[in-house]
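Worksheet for the structure shown next.
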Amino acid sequence: MPIKNTFLQLINGFVIFIGAILLLYTFINEDANILFKVFGVILIMFGAYRASTHWVAHKDDHLSEEEEE
């Protein structure tokens with residue numbers, strides 16, 4: 001199956017990348033504020049959630065199996 005919207009996937013990947021940069025910054029710079037780490041994790045989780053919802057079209061295979069029973 002093809003990816004639904006490649007532009008949105010690019011944006012989602014960019015959000016994940018920015019979150020990873022923030023987390024790496026907090027590991028490299030020990031004096032960094034804890035908010036950088038929090039926002040980094042939030043951006044990674046938000047980007048991963050959006051990416052997983054936009055990967056492929058939703059399947060309704062389970063609905064036809066439930067109707068047969």
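Determine the shape class of segment 8-55: with a ≥ b ≥ c the square roots of the Cα gyration tensor eigenvalues, call it rounded for a/c under 1.5, and otherwise prolate if a/b is greater than b/c, oblate otherwise. All intermediate terms of the calculation are to be shown ahead of the outcome.
Numbers: a/c = 4.17, a/b = 2.61, b/c = 1.60.
Prolate is the answer for segment 8-55, as a/c is 1.5 or above and a/b outweighs b/c.
Each residue of segment 11-23 was assigned a 3J(HN,Hα) from its phi angle through the Karplus expression (A = 6.51, B = -1.76, C = 1.60, θ = phi - 60°), giving 5, 4, x, 5, 5, 5, 5, 5, x, 5, 4, 4, 5 Hz with x at Gly and Pro.
No lab work stands behind these numbers, since they all come straight from the coordinates. All values reported here derive from a predicted model rather than from experimental measurement.
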